[in-house]
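Asks: Have a look at this one before I ask anything.
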Amino acid sequence: MYGSLSRWAKAPDGLCLSRFFWRRRALLVLFLLLPLPAFLLSMNVGTYPLSTTQLAEIVAARLMGHDTDLPQVYDTVIFNIRLPRILLAMLVGAALSISGATLQGIFRNPLVSPFILGLSSGAAFGAALAIAVFPQLPLQVGAFAFSMLAVGSAYLMAKRKGEVPVISLVLAGVVVSSVFGALLAIVQFAVDERSLQSIVYWNMGTLSTASWSKFYQAAPWVLIGCVVLLALRWRLNVLALGEEEARSVGMNLELYKFLFIVSSTLVASAVVSVAGIIGLVGLIIPHMVRMVFGPDHRILLPLSVTMGASFLVLVDDVARAAFSFEMPVGIITTLLGAPVFIYLLRKTRAGGWE
């Protein structure tokens with residue numbers, strides 16, 4: 001499936017090669033710059049719509065320290081409510097997308113998502129503990145710690161004689177997910193009704209509680225993980241060829257597999273801890289980019305970042321403005337991603353890549 005490019009990235013018969021490369025380069029630049037128009041559009045969505053001129057006036061006034069003719073409420077809405085939410089949405093979308101693209105390359109299967117190793121179930125259990133059992137424990141800390149614990153447990157369970165076979169890792173992830181799922185069910189069964197509602201709402205995935213503090217909590221971990229993934233992305237091309245091929249060119253397979261898994265888990269768990277479980281973003285965005293530009297991870301990973309950021313912030317616009325009530329963004333991403341997942345399932349062979 002991924003051995004060829006889409007009609008936008010392939011040169012039609014008779015088209016000169018230089019024109020083909022210019023068109024592909026233009027499309028690449030478009031994808032890289034996509035977060036900018038998505039950001040500007042999102043800043044104008046809400047109860048207090050603003051024109052681009054008014055938005056520029058408010059930003060300039062804040063930077064220069066003087067007042068504007070607009071009511072003070074606009075400044076509060078822009079800088080204390082709308083801006084942190086938009087930036088957090090873009091951060092979450094970018095993190096889930098690059099994590100999904102990385103894990104799909106490692107497992108050589110487009111059906112893989114960041115939650116395959118038990119990350120979501122571990123985060124859900126940690127959040128439930130913070131909400132209902134240890135209220136003095138910050139929710140973000142509980143979710144982050146247990147998501148990392150879940151993936152670490154799966155990794156150690158699968159490790160044999162210094163190696164971590166992919167199949168064993170997936171099976172270990174299934175076991176860990178089941179265990180943490182059972183522990184979460186125990187907590188849900190034992191807590192009061194109000195705490196149960198909070199746990200269920202967090203599991204739906206929402207950005208309604210976005211704040212500067214949540215953005216600052218997640219951003220450093222996402223930045224660290226993304227720097228590692230982007231710096232080593234060309235090695236992911238070798239790893240995606242298969243374990244035997246990677247060993248034949250002298251790659252330290254277990255070292256790089258460990259680095260990729262830890263880094264992708266770090267970025268995903270950081271955003272899950274502040275936004276809840278937002279499903280299928282890490283599945284569908286890498287696939288959409290791969291359809292257009294092919295499986296080269298040197299291009300795939302950076303574009304997954306920009307595409308994922310743009311996608312989730314636009315979906316969040318729908319979640320907060322399209323209904324008379326605010327819909328959890330995780331519900332919308334799941335509804336949008338389910339048809340894509342079914343398509344992938346029907347088109348993908350049992351072995352993974354086609």
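The values are calculated or read from the model by the stated rules, or taken from the named source; none is laboratory data. Model, not experiment: these values are computed from the prediction. Neighbour counts are summed over all protein chains in view; Cβ atoms, including those assigned to glycine, are modelled from backbone coordinates with ideal geometry.
Asks: Consider residue 164 carefully, then state whether it is more than 28 Å from residue 80 (Cα to Cα), surrounded by 18 or more Cβ atoms within 10 Å (Cβ to Cβ) and aliphatic (A, V, I, L, M).
Replies: yes
Asks: Kindly indicate the residue of segment 168-201 that is in contact with a helix residue (DSSP H, G or I) (Cβ under 6 Å, 6 or more places away or on another chain) and β-branched (Val, Ile, Thr) and also farthest from residue 118 (Cα to Cα) among those meeting that condition.
Replies: 191
Asks: Moving on. Which one of 266, 241 is of a type outside the set (Lys, Arg) and free of Cβ contacts under 8 Å to residues at least 12 places away in the same chain?
Replies: Exactly one of 266, 241 is of a type outside the set (Lys, Arg) and free of Cβ contacts under 8 Å to residues at least 12 places away in the same chain, namely 241.
Asks: From the list 261, 299, 332, 285, pick out the single residue that is closer than 14 Å to residue 92 by Cβ and in contact (Cβ under 8 Å) with a residue 24 or more places away in the chain.
Replies: Going through 261, 299, 332, 285 in turn, the sole match is 285.
Asks: For segment 278-307, what are the residues that are surrounded by fewer than 20 Cβ atoms within 10 Å (Cβ to Cβ) and either in a loop (DSSP other than H, G, I, E, B) or in contact with a strand residue (DSSP E or B) (Cβ under 8 Å, 6 or more places away or on another chain) (or both)?
Replies: 294, 296
Asks: Examine segment 104-113 for a residue that is of a type in the set (Gly, Ala, Ser) and more than 25 Å from residue 287 (Cβ to Cβ), and state whether such a residue exists.
Replies: Among the residues of segment 104-113, not one is of a type in the set (Gly, Ala, Ser) and more than 25 Å from residue 287 (Cβ to Cβ), which makes the answer no.
Asks: Residues 125, 134, 146: which one is touching a helix residue (DSSP H, G or I) at 6+ places or on another chain (Cβ under 8 Å), surrounded by fewer than 24 Cβ atoms within 10 Å (Cβ to Cβ) and aromatic (Phe, Trp, Tyr)?
Replies: Result: 134 is the single residue among 125, 134, 146 that is touching a helix residue (DSSP H, G or I) at 6+ places or on another chain (Cβ under 8 Å), surrounded by fewer than 24 Cβ atoms within 10 Å (Cβ to Cβ) and aromatic (Phe, Trp, Tyr).
Asks: Then there is this: Do the conditions hold for residue 117, that is, is it surrounded by 24 or more Cβ atoms within 10 Å (Cβ to Cβ), in contact with a Gly (Cβ under 7 Å, 6 or more places away or on another chain), in a loop (DSSP other than H, G, I, E, B) and touching a residue at least 24 places away in the same chain (Cβ under 8 Å)?
Replies: Spelling it out, residue 117 is indeed surrounded by 24 or more Cβ atoms within 10 Å (Cβ to Cβ), in contact with a Gly (Cβ under 7 Å, 6 or more places away or on another chain), in a loop (DSSP other than H, G, I, E, B) and touching a residue at least 24 places away in the same chain (Cβ under 8 Å).
Asks: Right, next: Could you give every pair whose Cβ atoms fall below 8 Å, whose first residue belongs to segment 29-51 and is part of a loop (DSSP other than H, G, I, E, B), and whose second residue is surrounded by fewer than 15 Cβ atoms within 10 Å (Cβ to Cβ), counting only separations of at least 6 or pairs across chains?
Replies: 44/51; 44/52; 45/321; 46/321; 48/73
Asks: Can you name the residue in segment 167-186 that is hydrophobic (A, V, I, L, M, F, W, C) and crowded, with 20+ Cβ neighbours inside 10 Å and is also modelled with the lowest pLDDT among such residues?
Replies: In this case the residue turns out to be 169.
Asks: Follow-up. I want to confirm something. Restricting to segment 52-80 and keeping residues that are among the hydroxyl-bearing types (Ser, Thr, Tyr) and touching a helix residue (DSSP H, G or I) at 6+ places or on another chain (Cβ under 9 Å), which single residue is modelled with the highest pLDDT?
Replies: 74
Asks: When the residues of segment 312-330 are filtered to those that are of a type in the set (Gly, Ala, Ser) and not in a helix (DSSP H, G or I), which remaining residue is surrounded by the fewest Cβ atoms within 10 Å (Cβ to Cβ)?
Replies: Only one residue tops the list, namely 324.
Asks: Does residue 125 count as under 19 Å from the mean Cα position of the chain (by Cα) and either within 26 Å of residue 333 (Cα to Cα) or of a type in the set (Phe, Trp, Tyr) (or both)?
Replies: Spelling it out, it is not the case that residue 125 is under 19 Å from the mean Cα position of the chain (by Cα) and either within 26 Å of residue 333 (Cα to Cα) or of a type in the set (Phe, Trp, Tyr) (or both).
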